[in-house]
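Values quoted throughout were computed directly from the atomic coordinates according to the rules given, and no laboratory measurement underlies them. Because the structure is predicted, anything quoted here is derived from the model rather than measured. Here Cβ is always computed from backbone atoms with ideal geometry, including for glycine, and neighbour counts include all displayed protein chains.
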Amino acid sequence: MKWYQASADKGEAWSQLSLGRMYELGQGVAQNYVEAANWYGKAAKQGLANAEYNLGSMYERGAGFPIDTRRASLWYGKAALKGLETAAKAFRRLKAASQQK
C-alpha cells in the first residue's frame, strides 16, 4: 500500500489506477468509492484507458454516486477509442440499451 501511495502521489498513472482499485474493492484499505473515483480520475486525466473504463463502470453501477449511464458511456467511449475492447463492448451495450427506451 505504501509503495502504491508514494508512487501515485508522484503522478504514476498505473499506481493511481491500482490505488483506485484498492479503494474500490476495499483491499488493504477501507472501501471508499469517492477515493477510488479520485484516483481513477487522476489516472484517466493522464489517458490511462483502464482508469477511464473503471470510472465508466462506477457510474454505470452507481458506486459512490447516482447511476449515470450518460457519464458511463462517455468514459467507456474514451477508453474504447484507445483500443480497450471491454470498454468498447460496454459502450455498445449502453448505446443499445438507450435506443430501446
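Sorting the segments 25-34, 63-72 by their residues' average number of neighbouring beta-carbon atoms within 10 angstrom, most packed first, yields 63-72, 25-34.
Over the range 2-99, how many pairs of lysines fall under 16 Å by alpha carbon, counting only those 8 or more apart in sequence or from different chains? Let's see the in-between values first.
Values: Lys2/Lys10; Lys10/Lys42; Lys10/Lys45; Lys42/Lys78; Lys45/Lys78; Lys45/Lys82; Lys78/Lys89; Lys78/Lys95.
Close lysine pairs found across the range 2-99: 8.
Site pair Ser7 and Gln100 shows an inter-label distance of 4.0 nm when each label is modelled 7 Å from Cα along Cα→Cβ.
For the chain, treating each Cα as an identical point scatterer without solvent, what Debye log10 I(q)/I(0) comes out at q = 0.11 1/Å? Result of the Debye calculation: -0.31.
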